[in-house]
Amino acid sequence: MTPDVFGIVGTKQAGVFRVERVVAEGGFAVVYRAMHEGFRSPVALKCLKVPDAMTDEQRGMFLEKFREEGELLFRLSALVPAVVRPLHVDVLALEGGRIVPFLALEWLDGEGLDRLVDRRREQGQPPMDLGTLVALLRPVATALAQAHRLPTEDGTHVAVIHRDLKPENLFVVRGQGRATVKILDFGIA
């Protein structure tokens with residue numbers, strides 16, 4: 001069981017998020033499952049771990065990069081369904097004055113591609129065949145191609161390069177009788 005680093009399980013955050021449980025922890029963030037009370041729907045809260053050892057300037061730059069990640073996910077998810085959709089960006093104010101920046105993201109039912117591969121291996125199943133993999137990962141390639149030519153407000157394009165694409169950042173969503181993949185994270189691209 002992943003520990004509740006921020007101590008928010010069982011609390012209501014940002015006025016609408018009833019935090020249910022921790023679902024994952026990485027080097028820079030903890031992901032919680034929460035209920036959005038207005039939508040009456042589950043969401044993922046990606047809460048950023050802000051290192052204490054940073055100067056105020058470094059912290060400001062770090063937080064701006066996180067906000068930019070949210071903006072990038074928002075813009076890309078509007079263009080490409082294979083990118084997780086952000087719903088809200090804000091800051092949690094915890095006891096003792098500690099702040100925790102967070103993104104509220106659409107909740108996805110399924111599992112990480114890394115977990116799927118590991119499970120198949122553990123169960124003695126063969127690797128997925130090439131045709132299945134191509135069909136599964138085609139939307140990821142489309143999303144990355146779109147990111148490489150992301151339109152800006154002035155009509156030009158910028159190239160956003162994903163610097164950390166790995167199976168842990170790809171989520172296999174099960175639903176409607178088929179599997180689809182979503183990119184969970186562009187990191188600080």
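The values are calculated or read from the model by the stated rules, or taken from the named source; none is laboratory data. Note that this is a predicted model, so its numbers are computed, not measured. When we count neighbours, we look across all protein chains shown, and the Cβ atoms used for this are built from the backbone with ideal geometry, even at glycine. Ligands, DNA and RNA are excluded from the accessible area calculation, which covers all protein heavy atoms including side chains. Shrake-Rupley method; radii C 1.70, N 1.55, O 1.52, S 1.80 Å.
If you project the alpha carbons of the chain onto their three principal axes, what span does each projection cover, largest first, in Å?
The principal-axis extents, from largest down, are 53, 45, 35 Å.
Can you list residues whose amide H is under 5 Å from H88's amide H, if they're 5+ apart or on another chain and H is modeled 1.01 Å from N?
Those lying under 5 Å, H to H, from H88 are A104.
How big is the shadow of the Cα convex hull of the range 79-189, averaged over all directions, in nm²?
10.1 nm²
If you roll a 1.4 Å probe over the heavy atoms of the protein chains, what accessible area per residue do you get for the range 79-189, in Å²?
For the range 79-189, the per-residue accessible area is 60 Å².
Where the accessible area of the range 56-150 is counted over protein heavy atoms with a 1.4 Å probe, how much of it, in %, is carbon and sulfur? Provide the component values of the computation, followed by the final result.
Details: 3140 of 5590 Å².
Carbon and sulfur atoms account for 56 percent of the accessible area of the range 56-150.
Once you charge only the Cβ atoms, +1 for Lys and Arg and -1 for Asp and Glu, what is the size of the charge dipole of the range 2-114 about its Cα centre, to the nearest 20 debye?
On the way: 13 positive and 17 negative charges, 58 e Å.
Rounded to the nearest 20 debye, it is 280 debye.
What lysines does K166 reach when the alpha-carbon gap must be under 30 Å and sequence neighbours fewer than 8 apart in one chain are set aside?
K46, K49, K65, K182
Would you mind getting me the FRET efficiency between E95 and E71? Use the beta-carbon distance for r and R0 = 30 Å, nearest 0.05.
Values: r = 29 Å, r/R0 = 0.97.
After rounding, the FRET efficiency stands at 0.55.
I need the calculated FRET efficiency for the pair R115 and V16, taking r as the beta carbon distance and R₀ as 30 Å, to the nearest 0.05. Can you show the working numbers first?
Numbers: r = 30 Å, r/R0 = 0.99.
The value I calculate is 0.50.
Can you give the net charge of the other residues whose Cβ lies under 14 Å from the Cβ of Q13, counting K and R as +1 and D and E as -1?
On the way: positive: K12, R18, R21, R33, K46, R98; negative: D4, E20, E37, D90, E95.
So the environment of Q13 carries a net charge of +1.
Starting from the 7 Å offset along Cα-to-Cβ, what nm value, one decimal, do you get for the label separation of Q58 and E25?
Between Q58 and E25, the label points sit 2.2 nm apart.
Can you tell me the length gained on complete extension of the stretch A141 to Q123, counting 0.36 nm per residue apart and subtracting the Cα distance? Each step should come with its number before you reach the end.
Working: separation 18, 0.36 × 18 = 6.48 nm, distance 2.85 nm.
Here the segment from A141 to Q123 would lengthen by 3.6 nm.
Filter the trypsin sites (Lys or Arg not before Pro) in the range 118-189 down to the DSSP loop ones having no more than 15 other Cβ atoms within 10 Å, then list what survives. Please report the intermediate quantities before stating the final value.
Details: sites: R119, R120, R121, R149, R163, R174, R178, K182; in loops: R149, R163.
Hits after loop and neighbour filter: R149, R163.
How big is the dipole moment of the range 36-172 about its Cα centre under a simple scheme where the beta carbon of each Lys and Arg is +1, that of each Asp and Glu is -1, and everything else is neutral? Debye, nearest 20, please.
Numbers: 17 positive and 21 negative charges, 82 e Å.
The dipole of the range 36-172 has a size of about 400 debye.
Give me the percent relative contact order of the chain, please, defined on Cα pairs under 8 angstrom at least 6 residues apart. Walk me through the numbers on the way to the answer.
Working: 299 pairs, mean separation 32.1, N = 189.
Contact order relative to length: 17 percent.
Restricting things to alpha carbons, tell me how big the range 1-91 is in terms of Rg and Dmax, in Å.
14.0, 39
Rounded to a whole number, what % of the accessible area of the range 1-55 do carbon and sulfur atoms account for, probe 1.4 Å? Don't skip to the answer; put the middle values down first.
Details: 1660 of 2960 Å².
Answer for the range 1-55: carbon and sulfur cover 56 percent of the accessible area.
Quick one: accessible surface of F39, probe radius 1.4 Å, all protein chains present, in square angstrom to the nearest 10.
Surface accessible to solvent at F39 totals approximately 130 Å².
Restrict the search to the range 1-92; then list the trypsin sites (Lys or Arg not before Pro) that DSSP places in a loop and that have at most 10 other Cβ atoms within 10 Å of their Cβ. List each step's numbers first, then the result.
Details: sites: K12, R18, R21, R33, R40, K46, K49, R59, K65, R67, R75; in loops: R40, K49.
Answer in residue order: R40.
With loop defined by DSSP as not H, G, I, E or B, and exposure as at most 12 other Cβ atoms within 10 Å, which is the longest segment of the chain clear of exposed GluC sites (Glu not before Pro)?
Numbers: sites that count: E37, E153.
Segment 38-152 is the longest.
Could you compute Rg(Cα) / (2.2 N^0.38 Å) for the range 111-153, with N its residue count? Each step should come with its number before you reach the end.
On the way: Rg = 14.7 Å, N = 43, 2.2 N^0.38 = 9.2 Å.
Cα-based Rg divided by the globular estimate yields 1.60.
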